[in-house]
Structure formats: C-alpha cells, structure tokens
1. Which ones in region A:693-724 are farther than 17 Å from residue A:735 by Cα, in a helix (DSSP H, G or I) and among the small types (Gly, Ala, Ser)?
2. Taking the options A:1031, A:1103, name whichever one is at pLDDT below 95, farther than 24 Å from residue A:966 by Cα and surrounded by 18 or more Cβ atoms within 10 Å (Cβ to Cβ).
3. Please enumerate the residues belonging to region A:1058-1083 that are assigned to a helix (DSSP H, G or I), without any contact (Cβ under 8 Å) to a residue 24 or more places away in the chain and under 51 Å from the mean Cα position of the chain (by Cα).
4. With the structure loaded, tell me whether residue A:853 is aliphatic (A, V, I, L, M) and in the same structural domain as residue A:709 (by the TED database) or whether it fails that test.
5. Of the conditions (1) without any contact (Cβ under 8 Å) to a residue 12 or more places away in the chain; (2) assigned by the TED database to the domain that holds residue A:625; (3) not in a loop (DSSP other than H, G, I, E, B), residue A:669 fails just one. Which one is it?
6. When you scan region A:988-1009, do you find a residue that is away from chain B (no Cβ under 12 Å), open to solvent by less than 20 Å² (accessible area, probe 1.4 Å) and modelled with pLDDT of 90 or more, even just one?
7. Identify, from the list A:682, A:727, the residue that is within 30 Å of residue A:619 (Cα to Cα) and either buried (at least 24 other Cβ atoms within 10 Å of the Cβ) or under 32 Å from the mean Cα position of the chain (by Cα) (or both).
8. Pick out the one residue from A:1065, A:1017 that is aromatic (Phe, Trp, Tyr), closer than 25 Å to residue B:64 by Cβ, away from chain B (no Cβ under 11 Å) and open to solvent by less than 10 Å² (accessible area, probe 1.4 Å).
Amino acid sequence: MSRPPPPLARLSKRNSYIFENSQVPGIVQLFRQSSHGSGLVAAQPGHPTTTAAHSRSYGSIRSPSLHSPAPGSGLWSMEASYSGSGRLGKPKFATPLPFTPPVMVEKEGERQPLLRSEEERVVLPPAVAKVEDEETNLMDDLRKELDTDMHTIGIQELYDRLRTNPAMGLTDAQAAAELKKSGLNALTPPEETPEWVKFARHLLGGFSLLMWFGAALCFTAFAVQNAYMSDAPYDYASDIFMYLGIVLASVVLISGLFSYYQEAKSDRIMDSFKKLVPQTAQVLRNGELSCVDVTDLVVGDIVNVEFGNRIPADIRITETQGLKVDNSSLTGESEPLPRQALYTCLNFPYYIGTGRGVVIATGDRTLMGRIAGLASRLENTETPISKEMDHFVSVISGVAVFFGVLFFVISVAMGYSWLDSAVFLIGIIVANVPEGLLATVTVCLALTAKRMALKNCLVKHLEAVETLGSTTVICSDKTGTLTQNRMSVSHMWFNGEIQSIGAKGNINMDDPTFIALATVARLCGRARFKVGQVEVANAFKEIEGDASEAALLRCMETQIGNVELFRARHKKLHEIPFNSTNKFQVSIHQYDDKDPRLLLVMKGAPEQILQRCDTIIMNGVEEQLTDEWCKKFDKAYKTLGNMGERVLGFCDCRLPLDKFTSHYKWDHDNTEFLENNFRFVGLISLIDPPRESVPDAVRSCRTAGIKVVMVTGDHPLTAKAIAREVGIISPGNMTVDEIAERDGVSANEVDPREAKAAVIHGDELQEFTAEDLDRVLMKYKEIVFARTSPQQKLTIVEGFQKQGECVAVTGDGVNDSPALKKADIGVAMGISGSDVSKEAADMILLDDNFASIVTGIEEGRLIFDNLKKCVYYTLTDNIAELIPFLLFILLRIPLPLGTISILCIDLGTDVIPAISLAYEKGELDLMKRAPRDPNKDKLVTKQLIAYSYGQIGMMQSFAGMFAYFVIMAQNGYLPGRLLGIRKEWDSPAYNDLEDSYGQEWTYYNRKQLENTCSTAYFVSIVVCQWANLIISKTRRSSVFKKGFGNHVLSFAIIFETALACILCYTPGMATALKMMPLKAWWWLLAVPFAVLIFVYDELRRLIIRCYPGSWFEDEFYY
Amino acid sequence: MGKEESNGGKNYTGYDDRFSTYVWNSETRQFFGRTGLAWAKLTIFYTIFYIGLAAFAGLCYFLFSKTLTEEHPRWMLGDSLIGTNPGMGYRPMPDPDTNAGSTLIWYTLGKRSDAKFWYRQLDEYVTGVEQSVYNSDVLSCERDMKATNEKSCRVEVSQFGNVCTKANKFGYESGDPCILLKLNRIFGWEPECYGINENGQYDKKLLDDDLNEAEGMPSSLKTYIFSNVNSISDDAKRANFLSTIWITCNGEAKPDQENLGTFAYFPSNRQGISGKYFPYHKQPGYQSPFIFVQLKNPMRDVLINVECKAWAKNIIHDRINRLGSVRFEILIDS
C-alpha cells in the first residue's frame, strides 16, 4: 500500500550535486550573476569581462550597491503590463552607499546596434535542447548548462545562421517550415496522467485490494457451491455469495468513482487558471510588419518589442532605445533591468523603451521553458496526510488480514468446512475494513478546501489541505507576499533631520524647506494618475509610470494635493529623462512666483545630486554646503540605506535669466544648463512596505511553533529591514554583523553563539557545503536568505527537508517554481504569480497575502484534528462489527450481525456523522501549540486504536449483543439455548427447531428472527454512535465546555437516525438488505450503553485534564 | 503482511526502524513498545475495565430477565417472529453431524444396519410419547375433551394401529417406510378447522364453502372428508371429526408422483391431527401430536421428493419458505 520511494527524488539529490558544483556557465551562473545586479550580461568568473570596468556598457553597474525593493517582482499578468499601472518599472536609481564609491563609467549612446557582444557574454541555456529519449538525460540536460554563441557571434553571422534578414525578416515559407520543424512557441504543458490510470489508481488504492479479495472470495464460494453442490436441495446460500460479491465489488467501484470525481473536480479548479488570452507580436515577415500570434513565432523572426509588451521568446536584441525588461520572474530581481543584448523569454512583460530583436529560441527551448521543464520534472513530495492515510490503511489492512487469517485457521481447526471458513473470512474482512472512511476523508478535505478557498487559499490537490497544518518551516518570498509590492515614501530628510512619513499631518507644511522639496518632488516626474479616478481615494488611485515616481506622486497628492494642477501651473519647458548613465532626471519649468527665472528641478542618486550642489537649504535659508553638511548627509543616507530603503536626492536651481528664458531653444544635445550650481533640498527614501497584516501573521506562525524564513532575491539590507519590520527577525536578536558593529569589533571576533539571527547572502550560500547549510539551518532561529538563485532556493528547501522539517514555500516567479515543486507545500501567488509557479504549486493565495497562509495553517491543523476524530469515530464500530463474527464462530450462536448490515453502517449511517466532524471547531489551543511531530503525532496512534477498539468499541459490542440476546429471549430463545445451536439453526433441513419454550421454528421464521436481531444490533450501534459522535467532538476538554454549536453534527445525528429508520421500516428491506422492522422499544436497548459511553468518556477526559502527563494520559489520550 | 510492515518501516521513520526492535527493544527494555510495568498496568486496567463492562451488561440483562417468565415467551403468535403459521416437521431425519443440510431418507433394502438408523429414531420418539402415560399432568382426552391452558392431552400410541409400530420396524425393513409428521408447536396457536363455526359446531354450508375455498387441496382429501362426514350421523361427532388439521402427502412433481406408490395415513380413522391437542401452552408433559404416513412400495433406486401439507383455515402454504408444509426425499436402494 505504501508507494515506492519516488525515483526522481533520488535523482534530484544527485542532480543537486551538479548544481552546487557547477562552475560552468549556464543557468546557475546566470542567476547568480544576475542577482548581483549586472543583469543577464554577467561575466564569467575568470573571464576578462568580470571586472567592473568592463561594465562600462552598463553605466549603472550595480556593484554591491544598495538596491531597494522595486515594483514588478514576479511576472505581471498580461493585463497589468498592458494597463501600464503604477507598478510599472522605471529606470533604476542606483544608490550605492557612500562608503562604497560608485563606479561611474561612461556609456556610449544608447541607440546603437549591439554588435560588441564579445564583452557581454550572456550565459545561456542551450539554444536547442537535445531531446533525449530518457527522462534522466533530459533532467541532467535541464540542470546542466550548455554554452551558446548566439549572443557572441557577429550579428551578421547570426542572421546568416538563422537564414534571416534584418530588413526583410523571414519569408512566410521559411516561417512555416520552421514552425513545422520546431513546433509552436508555447510551453509544453506538463505531462498529464491518462484519466484511466488515475481511475485505476482509485480502484486499487486504499482498502480496495482487500475488498476485491473479499469479492473474489465471494465469487469463488459461489462457483464452488454451484459446481459441487448443485444437487443440494436449497440453493439460496450460493445466491447470497453472488449478492455479497456484487455488493462488495460495487462498493469498491462506487467509492473509487467518488474519489476520482473529487480529484477531477479539484483539477478543474486549476483549469480555470489557464485562461489563454491570445497574444500577438509584431513580426517582420516578407519585409512587412505584421501581427502574428505569439505561438507562431519561429527562430529567426525579427520582432519589435514595445512598451508594456511581453517579449514573446528568447530574442537577441539588435536595436534598442532605453529598453528595460523585467526579468524578475527569472531572477527574483525586483527591478526591471536595462537591456541591450538580451535573451529573454516567453511571456516576459517588458517595460520601457522599444527595441527590435531576432528570435533565437522558442517554446520549451527558451530559458523559461527550461526552468518550467525542470520544475515539472521534480517529483512531487508525498503529502503528510497521504503518508498518514497510507500508514493508516496498512495498519487497518494488517489488522483485517491478521484477524481474517487467525479465524480462518481457528474455524478450520474447529471443524467448520472450508466453505464456511471462507465465509467467515469474508465477514471478518468486511467488518474490519472501514469501507466508507476513505471517501469520508476525501469529503472532509474537500469541505476544508472549499472553506479555505473562501479565505483566499485555493488548494490544488485535496491532500495539500492538511499540509500547511503540519508545516514547520515557511520559506517566504519577500516581494509581494510579505510586502505590498508597492513603493511608497517612508522617510524624508530635510533641515538635517529624518522625518518619517505616515499619514497626513506630521509634517509642517509651511516649512520653506519642505515646500522646496515638495516642489521638486512634484515637478520632477513623469508619472501621472490615470484618468477617470476622481472618486478613488488617493491611496488606491492607479498611476501610470515608474514605481518610484508613482510613490512620490502618491505621497505628494496625499500630503499636499492637487499635484496635476500644480504641474499645469508650472509649465514644463524641457526635460532630460532618467537614464542609467547620468542617473538623474532634470526638468525645467516656468515658475510663477515673483522671480522670473526658470526653475530647474533635479532628482537622482543622492551622491550624484550632492556632487552638483554648492548650497543646501536649511529652514528656508540657503547655506554653503560644508563638509559638516556632507557628513550629516552621509549619516542620513547611511541610516536610510540601512533601513533597506531606496534613497533619492533632490536639488533645484534658478537658471540665470540672461541665458535661459522661456524662449531659449532647448536641445537634447545641449546640456549647458547643468553647468549651474545647484541647491540641495533633501532626500526622500522609498520602501516597499510590509503588508499590514504580515507582522501579526508572522507572530501567529511563531506562536504556532513555525519557523519563518525569508528567501529572496533582493538585497540583504532591504531583506533584513523588511524581516525586522515584519518580525521574521525579532527585535532583540542580532546578526553576527550587527553584533560586530555594536561592539566595534570585526565579524570574525564575534562569538557566533551570541547571534540568533542570520542574513545569508547567496554568495555565502554558494560556498556552503551540505554540512554548513545544515549547521546554519539548525543553529539560527531566524534566517534571511538574500540574493538567492532558484537553485539555491531548491537547496534551502532540500536542506530543511533533510532535517525532517515540513517546508512550505511561497513564491511567484518562474524562478521559484523548482522550490515550489520541491516543497512539501508550494504556495503560489494568485495575482502576481506566473503560470509556471502556479502549475508547480500545491496551493494558491488568491490575494497574494502572507496572512492567508496563517489561515491555511489553522485550517490544516484543524482538519488534522478533525480527521483524527473522524477516523476515531469510524473505527470504533469496527470492533462492534467484528465481535459478532467471533462469537458466531466461537460460541456457535446464530450470527448477530449480518455482512449487509455492516455495509449499511460503514457506507450508510456512519458517513454523514463522520463528515460532520469536519465542521467541528478547533479546541482553543490550535495556533498555540507546536506543529505536530510527524514521527509521533500520527493520524492513527496506538492510543486511538486501543481506545476505539479496546474500550468504546467493546462497549458498543456489548450493547449490540445485549440487544441481540434480549430479542432472542423475548421470542423464545434464551441465551443458554443459543449456545452451540448454529448448525441446526443455519440448516434449512430443520423445519422444526425447538426454542426454550418448546416452540418449534421453521427455517424461515428463524432467519426472520436472526435478521431482526441483526437489525437490532445495527440500531444499537447507531444509538451508541450518537454518544460516540458527541464524545468525538473533543479530545481533551469537556463536551459541555465545547458546546453544541456544530449544527451539521446535530443534523448528522438526526440524519443517521432517519436513515436507520428508513433501512428498518421501508417495506422490501427485509428481502433487499435483510433489515427487519423493530418494535419501538428495541431502539432503547442500547441507550444505557450510550449513556455509559458518554459518561465514561467525560470521565476519561476529566482524568486526562486533571493529571496531565500521567500514565493515564499517555495511554488513553489519542 | 511482514513485507508490508518492513516497507512501512522504511517510509515511517517514526515507527521503529526494525520490527524486531519493536518486538523487543533491549535498550529501553520494551516489549512491543512498552515496558513490563506498563504492560502490567495496562493489563490490570483492562481487566478491571472488562469486568466492569461485563458487570454492567450483566446487570442490564439481569434487569431485563426480570421481565421474562418461564411460563410463556414474552412475545407470542403474531407479536413474535414465529408468527401464526406453523410449519411441519418429519422424522426420521439424517444425521445432523454429517448431513446437516440434507433431508434425504436413504437406505439399502435388506441392509439391517442401514434401516435401523432410521427406524430407531422413530422407536425413540414413540417410546418418549409412551412414557407420558405415567405423567399425571397429562389428560387422556376422551371424546370431546380438549387440552386446557394448564393440561395437555395424551397422545395415544395405540391409535396408530399395528402397521407403523416398533414391532414392525415401522415398515423400513419391508420397504414400506413410515414417516412421522407433526405440526410445529407455536405457543397459544389453535387451528381453525374446516366446517366448524365459532361455537365449535358443525356447519354443513360452512364446510362446503371452506373446502371450496381451500386452495390447492387435493380432491382426494375433500372426498375423504365429505364421505366421512356423511357417514357420521351425529353433528357433535361430525364436529369432533372435523376438528382436525388434515394432512396430505404427495410427490413434489409429476415424476415423483408416478414413482410413489400409494400412501397410508395413521391413525386410520383420522387423516390428520386432532384439534384437541391445541393450544400449546407449555403444559407440563406436553407431547406433540403426530401422524404416520406410510409410503407403500415406492419405486426403488429412485430419489423421490415428497411434500406433505397440513390443512386448516389458518394455515397458509408457502412452498419456498416451507410454511404449513414439509418436504423430504426418499431413496431406497434395492
């Protein structure tokens, strides 16, 4: 019953070795390098281009610079990128810390065909992945990196190789031929298991094999009896075998169909995500620009890319104008990167500028296709609940087989015929197998899944419902999950002080410095509100433009208001948009105060701005910018930087009237106005703030004993700042570096034991051995991983899993998908998540909110508790179903409970009450206790089995046997008469069997009596199950304290009773199910036992509460 | 199963890695996961628990048994599942230990030990009935006397004549076996006989009607009843004669009927069981009334299905469920 260990799991371990040690160029390198900020054009170790100087083509080398959270982490949905909302990226303001001198390099003009790719070595996946027959080879291939020269060869050579032409593009014929050869430009969806295989799995899983065996035994008995005893005068007995065999087989079929249906239903939820919006790309074919479906792109096509488009395939950019691309989905970078020679992938929204490129790879051969392929080939880890269910099934099957074989041997030894013994075996199997339980569990999980979906946790596989409840570690992505994924202004520095910006009103609006700063902030920007949002509150208005500018605009609108009007009054005469070379943005405005001079406003990287300034405004007075001021500036800059914030500097200047008037002829190439001396007005720092609910949620996780780890591609400082803010690093805990700084010593001298928190850089992680990683994961309670690559995320997850942790991973990008797949539960983001990540995940947060995970944890723990109750409830009557058989064999009394009645209980009356336990509310401490230990806190423990089988089950058996004996006695057969009567009783030849009162019973009347007793036994179980259901509500506290608020449960009791009545009293049941109508007061026979069960269990729980940790609790708390 | 366990052990690090360690862990001195002391405690607990539970159930049953009497079952006739439609029994029967499901009377003619197995059963049965002569609780019901709720009527063995007797070995050795037929005892059940009104008196018209309505009654029985009634002069005697549960036997199917010879019923003056023996009230010394039917010279070496039915107004025949009738087979090898 237990599945063999997934072969691919082992495989992945082996392959991860390849990751860790790979120094070859390729994906790993690509990610790692790009996470450094050098973008996709990162240099190889040892390659001449590694040096910073070589990055000159990238004026904005982002060496160990501070870079802040930015918009557009993750793959924006199409709509978002088309709408060009406020999240759109913007040229990055590089903000190196003052202590790390910025590398300033000149950059050639931007608009220039890029042919010098020698220096811009792009590390690439193979252009054409070798299609290997063997899966393993494919996996290896995906994890290995092959070099390609598509980006290094001369552009003409490339064209030649691709047989294309930059002016004409491909011809239609060429395109058609290529399309036929390489297929559509789309990701191959992960291989689907054929429906019939899924169905067969349901037919053979769980208890089904045992049931099939029972059915086969029935048919064999039928055949044997027909073959050898066909001349027997009565053939009713073989009919029963036939009947029972058919019933058993149908039970398996129906429950198989049911769970198959449930699974299919949850699969369908996923399909709704695969909404396919047809996309088109502008392609040059036959010398004409035409719109072509993205799926029809082929290698060699010349495509135009524009603002807001997605780049449809891996392309090499040949011409560009300020092109920036959001590669966050691949790299985890949160900012769009400037791109020149570029290979990017299918579905990549690209942000600013325009460009033209030649397609070099399509479909699965793209970089994204390869990662998606890698993710889809990682074996899904088995969910904890399915492990529990497998375990449970094997335990119960073991018990069933054990009892079956034992009593088969006993009955043969007692002289029963083989046929009789086989019948007993069938009976014992049927009694021992909780036929309805697996379906019940499925329904419980489905109910919880539904409930969770309402709370924005969409569960893809039912079994994943519980996984969050078992989770011990959450590896959370930062951007968009912990943070709002929306830049906003958090601090300003002016008048030499840092002011924190919250709601309106904590800033003196009349402060002349603030006015100056606000003027610059309002004028120097291109972001604007989208039209038609008059009614919308400022905070929620959608903004067109770059995230930083949007944040400034929103802040100004909130603090001062009427930004648009202000801009209109001060007409913009000229501007130099931001570019990564000069790292500032300038605009020149008419300013209508008394002073006719034009106003120049400028913002940009603080040190850039400061460099240009001679003076600084202080309380409205212009002062010389002294060294003292510079120190103050440095300090403020550093402070803000340490808070993980992106800092912008602002300055202004009045242009001399003699030269610059409104009639001045502005020219892009003439920047003489920059020669003036500027006045520094202040700094504004921005951050992507944490979501409001996150700190609480993190605290809840902590209380619940779950370790929350941040794994982000972002910069360590930003990561740490956010981690502190949301409580992933708690206030008292310091990292080694922080301690070193506090004590003024170097990091090496700090006692590592003192540090409880750690921020680990991707580079460090790269150097780690497996043991190092283990040590770190064990040692630190609070860990932040920054600048991590997808492979490292995978490594971290595997590291935790190796320690036996149950890991949840949240992520949204394509780069997260291998980790999502590897995690015990992968949680993808519903709004910002890429399709690939959603495909790899087990759960989807519809609102992208970390707090929803807490709901998931709570629901997961609740369902585990409730499933336990549900299993307990269902298992209890197993023993009451088994005992009659044992007494029947051992005491040779008429059968007290028929096989069909057992099925009526297992598949009829027990089902709804068991399901109703899924609606049970948690016992108060759900989120206060530690996650369950998968080795100890099993779904089915020996305590549970002992208590349900050994105690409550026995009480039910006594109740049933009591009812049986009472009815027998009232009809004339006193218990003494019944012992040993079986042979005559069950023989139709005896048409005159005497009872204790001398009456003589025909076979027919005896069987009527027997069936009535069986029905009474059945009813007794139903009555006892009332009490059992009520006691199942709680495992520790008193039922009275818990209350009776679960109306589904109350309904279930009524339903169960009604169903029992229907089974009892419907005419025709006597022949169909051998159920006989009972006298009303026979229902009451089990009531004393039901009361006993209730009182006994209250008592048990009282003792457990009074003596925690006692022997009694050890043995009887399940 | 062993394999399963070891598999489970692999996947489940939580369970002891090896089953043998689980059985006996020498480190913790645990046997099946518990120490000796823990097992002892548990044993004591469960002993007390089950004793307590058994006592509780015993108490329940004890209280319940107070509602029972020895005199009669708690439920009778229609209230009980035994119902109001008696079945029939026959003797001799095959050995219950070796042939529990069979109803075949099978012996080889001339093989003494074979036949003895069958007639000895009848011997014993008749001897038991004869013993009741010494039981003063049993009335010897002469004439119109009838059993009361306290006293039952004696079954006179002499009425069966000298054919189906011990001396005659009940015809088994001669190949004309006698079969004993009786009606199942149902507490308080009384027959409603044909032709007798509520007052227990003979009613000619009623008899005609009753016999016409009696579905499936063999015409031979009707003729038998009419001719006997007509030959009796006195209405009281007619009533006494008619106060009978008539019994007929026949082959189950056409070939059976052809293979069977004729039947002889004993007592010869009444082809059935007299109503005076009813009702059964668990009277002391109660003997079930019965008749003998003799199969005269049935076909040898052929298995013959015989079906006997009891006839009264309140006996309904149900062949499948063997109500109001009995069925057996006979095979006499020559």
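The values are calculated or read from the model by the stated rules, or taken from the named source; none is laboratory data. The structure presented is a predicted model; accordingly, all values stated were derived computationally and were not measured. Here Cβ is always computed from backbone atoms with ideal geometry, including for glycine, and neighbour counts include all displayed protein chains. Ligands, DNA and RNA are excluded from the accessible area calculation, which covers all protein heavy atoms including side chains. Shrake-Rupley method; radii C 1.70, N 1.55, O 1.52, S 1.80 Å.
1. Of everything in region A:693-724, those that are farther than 17 Å from residue A:735 by Cα, in a helix (DSSP H, G or I) and among the small types (Gly, Ala, Ser) turn out to be A:697, A:700.
2. Selected residue: A:1031, the only one of A:1031, A:1103 that is at pLDDT below 95, farther than 24 Å from residue A:966 by Cα and surrounded by 18 or more Cβ atoms within 10 Å (Cβ to Cβ).
3. A:1058, A:1061, A:1062, A:1065, A:1069, A:1072
4. Answer is yes for this residue.
5. (3)
6. no
7. The conditions single out A:682.
8. After applying the criteria, what remains is A:1017.
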